[in-house]
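Taking it in order: structure first as C-alpha cells, then the write-up.
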Amino acid sequence: MIDVENLSKTYSGFRAVQGISFHVEKGEIVGFLGPNGAGKSTTMKVLAGYLPPTDGKIKIAGHDVVTESIEVRKRIGYMPENVPLYTDMRVTEFLRFRAELKKVPRNKVKERVETVKQLCSLKDVENRIIGTLSKGYRQRVGLADAMVHDPDLLILDEPTIGLDPNQIRAVRDLIKDLGKHHTILLSTHILSEVELTCSRVLVINRGKIEASDTPANLTKLVRGGGSIILEVKAPAAEVTSKMQALPDVEDVEMILPADGDWTHAKIFAKPGVDVREKIYDVVRQNNWPLRELSRVKATLEEAFVELTQE
C-alpha cells in the first residue's frame, strides 16, 4: 500500500527527513513513532501529498505521489495533528461539504456522512456548530472527515490528542475495527495505545528510520527487555560480583533504598536472553534466602527511549 524509497525533505538547507525507505502492506496498522522534531509529521505530510518531497520516490497503492497526486488523494484519508475545520459550520453540514469535495457520489453522501458520525460518536452533536465543540469532539470531527470518502489508507497524526481516557479507548477500538478494512499509518505519543493497536512499529529519529519491527520484538532487543529483579539476603558487593560473573549478564544495578540485610538488585542480560535459571543456581549454591526473582517485562516506551536518546 505504501512504498517509500530514499525519501528526503529539506527546508531552507535543513534536512528534516534523510533518505528513509519503508514499506507498508495492505491491511497493516503501523505505528509511526518519533520524538518531536524527528521528521514524523513531515513524512506524513509528504505521503499525504501536502508537501512535495525533495528527493526519493513514494507510491500509494501503486500511484506516484508527485506525478499522480489526484489518484493518490482519492485513496488517502489524512488527519493532521492540528485539524483544520470550518468552525462556523454545523457538524453534519461540514461533513456533507467535505464528502462533496472528495467526490463521494451524490447518492452516497448521506449514507457516508451518517456512517462516519456513528463510527466517531458524533450523533449527539451532529447539529452543533463546530466552533462550540470541545477539543475532543473537534478531533472526532477531523477523524470523521478523514474517513468520509472511505479511503484505502488512513494517515492519522495524533488522533487521540485532547481526548479523555474513555474517548481514547473508543478511538483505539475504532482504529482496530477500521484496520479490518483499511491500511492505517498512525502517529501518537501514547505508546501503550500503539502496543495494543499496531501490528508493526516504525521509529524515526533525526530524520532517519531507527527501527521497524513488531512492538513485542522491539522490546526484546533493548536493554530493559532482559532485566531480572532479584531480592536476596546477602551483601550487595557479593551479589554484584557473582551476578556479573555469569555469562550473558551485562550489568547489575542496586535498587535503593536497601531493606536491612536484603539486597535488591536489577540484573541486565543480553537482549532476548533469560538468565533466571543461572541466577537461581547461584542463589542456591550460596544458600542465600530468596524473596524475589522475576523478569521485568519491557515496555514499548523503554524501547522508544533507548532508540531515540543518546
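We did not get these values from a lab; they are worked out from the coordinates using the rules stated. Values in this document were obtained by computation on a predicted structure and should not be read as measured data. Neighbour counts are summed over all protein chains in view; Cβ atoms, including those assigned to glycine, are modelled from backbone coordinates with ideal geometry.
The table that follows gives values for the structure above.
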quantity	calculated
Segment ALA245-GLU111, length gained on full extension (0.36 nm per residue, minus Cα span)	41.5 nm
In sequence order, calculated HN-Hα J values of segment 22-28 (Karplus, 6.51, -1.76, 1.60; Hz; x Gly/Pro)	6, 9, 10, 6, 4, x, 7
³J(HN,Hα), Karplus 6.51/-1.76/1.60, whole Hz, each residue of segment 51-63, x for Gly, Pro	10, x, x, 7, 9, x, 10, 10, 10, 10, 6, x, 9
Within a Gaussian network of the chain (alpha carbon springs, distance under 10 Å), most fluctuating of SER241, SER121, SER187	SER241
Positive-end residue of PHE97, LEU143, LEU178, charge dipole of the chain with Cβ unit charges	PHE97
Simple Cβ-charge dipole of segment 226-297, Lys/Arg +1 and Asp/Glu -1, about Cα centre, in debye nearest 20	160
Dipole of the chain, positive direction: furthest Cα of PRO159, ALA258, VAL65, with charges on the beta-carbon	VAL65
Within the chain, percent of DSSP bridges classed antiparallel, to nearest 5	70
Cut-off under 5 Å, modelled amide H: who pairs with SER121 long-range	none
Top positive-direction residue, dipole computed over the chain with Cβ charges, set ILE209, LEU307, VAL113	VAL113
Segment 119-136 - phi-based ³J(HN,Hα) in whole Hz, Karplus 6.51/-1.76/1.60, Gly and Pro as x	4, 9, 6, 10, 4, 5, 10, 4, 9, 7, 6, 4, x, 9, 7, 5, 4, x
Relative contact order (percent, whole number), segment 226-297, Cα cutoff 8 Å, 6+ residue spacing	48
GNM flexibility winner over the chain from ASN287, ASN36, ASN127 (Cα, springs under 10 Å)	ASN287
Neighbour-count ranking [beta-carbon atoms within 10 angstrom, fewest first] of VAL109, VAL141	VAL109, VAL141
For the chain, size of Cβ-based charge dipole, Lys and Arg +1, Asp and Glu -1, in debye	1160
Among 20-28, 157-165, the order from most to least packed when residues are scored by Cβ within 10 Å on average	157-165, 20-28
